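Below is one structure, written out as structure tokens; the observations come after it.
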Amino acid sequence: MKTKLPNVGTTIFTTMSQLAQQYGALNLSQGFPSFDAAPELINLVDVYLRRGFNQYAPMTGVSPLREILAEKTEQISGLSYHPEREITITSGATEALFAAISAVVRAGDEVIVFEPAYDSYVPAIELNGGIPVFVSLQAPDFEVNWSEVSEKITDRTRLMIINTPHNPTGQVWTRQDLDQLATLVKDREIYLIADEVYEHITFDGIAHVSVARHPDLFDRTFVCSSFGKTFHVTGWKVGYCLAPAALSAEFRKIHQYLTFSTVTPIQYALAEYLKQPDHYLSVTRFYEEKRDFFLNNLEGSAFRWKPSQGTFFQSLSYQGLSEEGDAELAIRLTRDYGIASIPTSVFYQNRNDQKLLRFCFAKDRDILEQAAERLLKIQW
């Protein structure tokens with residue numbers, strides 16, 4: 001059988017997690033917490049399970065969840081989305097991203113992807129006949145070169161995918177970035193997908209600014225997000241898409257044939273849990289403390305770093321310490337030092353090796369302390 005995705009194999013996340021298990025290593029590679037969700041949230045799921053909320057949810061999501069999301073979005077971002085027409089609950093943000101890409105990309109369309117990029121973007125583009133066009137962000141700042149973006153836009157450009165806060169670099173887009181973006185897409189039929197799953201995880205007083213908050217970008221933007229990262233429940237796979245009615249209508253045409261609906265009792269539990277804003281507003285402080293604890297314990301190591309502005313990932317540079325490729329080093333550290341990470345070159349289509357490893361700090365303090373101790377022992 002001829003494959004539709006010849007360049008896709010086993011993901012680096014699976015590979016590194018398997019190696020971590022094989023060598024009994026601390027797994028700071030894949031992005032999931034080592035701790036559980038709040039007991040209150042778990043209890044709410046149990047409540048709705050026992051109340052019999054166990055049949056299909058509506059295709060667009062249960063009304064209480066869409067309504068509270070509308071309220072939350074308006075309170076935080078000042079953006080108004082109609083809960084019936086413009087908010088859709090999905091089975092994770094990855095499904096939302098796929099549905100949004102499928103809704104607008106046609107055969108031969110070009111899609112601008114900022115790399116390093118989350119690994120689901122390009123396969124979804126290619127499965128829809130699109131052509132990925134890459135704009136590479138470079139260490140240490142990973143700021144967007146807007147002149148390069150302008151050069152990459154053609155008459156065939158149909159879509160841009162934006163990820164802020166950015167996985168894997170932790171960079172957060174600014175209002176100035178959105179102004180530049182708005183200038184470039186003005187008077188062009190270019191749609192935007194904003195992957196904002198880390199919207200509540202930013203640090204050092206840096207605010208997340210949703211792409212849709214720019215008045216000239218709202219009408220063309222699908223905002224895709226998730227509850228998994230915010231509430232430490234990545235395994236629940238509950239996400240959502242916010243988009244103007246015309247875009248949501250096209251989005252739902254795809255969504256209804258992907259998963260149709262998302263697990264019902266969890267939707268009701270999330271709807272009730274979201275009524276208390278501190279449940280998501282406190283996440284910023286929670287993860288900033290973990291980032292700082294990890295980095296403070298790394299003081300004195302040979303690694304260099306720029307503190308992550310957001311997400312729960314921290315990149316460490318070994319530039320000048322070793323000529324090893326980042327994938328080779330990641331394997332060696334897992335095997336010889338018992339700590340698994342992700343080589344950032346895998347997030348680039350040409351495997352751009354900038355001597356960086358990505359570590360997930362969504363872990364308990366004892367794991368972060370042990371990880372730092374092991375990193376301090378590395379022989380270069």
message: Against the definition (assigned to a loop (DSSP other than H, G, I, E, B), in contact (Cβ under 8 Å) with a residue 60 or more places away in the chain, surrounded by fewer than 24 Cβ atoms within 10 Å (Cβ to Cβ) and not small (Gly, Ala, Ser)), how does Thr230 come out, yes or no?
response: no
| query | Out of all the residues in segment 161-178, is one or more free of Cβ contacts under 8 Å to residues at least 60 places away in the same chain, aromatic (Phe, Trp, Tyr), assigned to a loop (DSSP other than H, G, I, E, B) and closer than 28 Å to Lys355 by Cα? | reply | yes
Only one of Arg85, Arg50 is touching a residue at least 12 places away in the same chain (Cβ under 8 Å) and not assigned by TED's automatic domain parsing to the domain that holds Pro343, namely Arg85
Result of the Cβ filter at 9 Å on segment 1-19, keeping first residues that are more than 20 Å from Leu127 (Cβ to Cβ) and partners that are at pLDDT below 85 and loosely packed, with under 13 Cβ neighbours inside 10 Å, at least 6 apart or interchain, is Gln18/Thr10
Quiz item: in contact (Cβ under 8 Å) with a residue 12 or more places away in the chain, within 30 Å of Leu49 (Cβ to Cβ) and either buried (at least 19 other Cβ atoms within 10 Å of the Cβ) or in contact with a Gly (Cβ under 9 Å, 6 or more places away or on another chain) (or both), is that true of Pro277?
Solution: no
When every residue in segment 321-348 that is free of Cβ contacts under 8 Å to residues at least 12 places away in the same chain and in a loop (DSSP other than H, G, I, E, B) is compared, the one surrounded by the most Cβ atoms within 10 Å (Cβ to Cβ) is Glu324
Kindly indicate whether Ile68 is free of Cβ contacts under 8 Å to residues at least 60 places away in the same chain and over 30 Å from Asp336 (Cα atoms). no
Could you please let me know if Ile206 is part of a loop (DSSP other than H, G, I, E, B) and within 22 Å of Gln309 (Cβ to Cβ)?
yes
By residue number, the members of segment 365-380 that are of a type in the set (Lys, Arg) and touching a Leu at 6+ places or on another chain (Cβ under 9 Å) are Arg374
Of the residues in segment 356-380 that are within 29 Å of Ser136 (Cβ to Cβ), in contact (Cβ under 8 Å) with a residue 60 or more places away in the chain and not small (Gly, Ala, Ser), the one that is surrounded by the fewest Cβ atoms within 10 Å (Cβ to Cβ) is Trp380
- Is it true that Ser345 is modelled with pLDDT under 95, touching a Lys or Arg at 6+ places or on another chain (Cβ under 8 Å) and not acidic (Asp, Glu)? no
Among residues of segment 82-95 being crowded, with 22+ Cβ neighbours inside 10 Å and hydroxyl-bearing (Ser, Thr, Tyr), the residue farthest from Gln267 (Cα to Cα) is Thr88
Does Tyr23 satisfy the criteria of being surrounded by fewer than 15 Cβ atoms within 10 Å (Cβ to Cβ) and aromatic (Phe, Trp, Tyr)?
no
Screening Leu356, Leu321, Leu298 for residues that are closer than 26 Å to Lys229 by Cα and more than 25 Å from the chain's Cα centre (by Cα) leaves only Leu298
If you go through Val144, Val149, Val111, Val135, the only one that is closer than 17 Å to Leu192 by Cβ and either without any contact (Cβ under 8 Å) to a residue 24 or more places away in the chain or outside the structural domain of Ser210 (by TED's automatic domain parsing) (or both) is Val135
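The values are calculated or read from the model by the stated rules, or taken from the named source; none is laboratory data. Because the structure is a prediction, the values reported are computed rather than measured. Don't worry about glycine lacking a Cβ; one is built from the backbone with ideal geometry, like all the others, and counts go over all protein chains shown.
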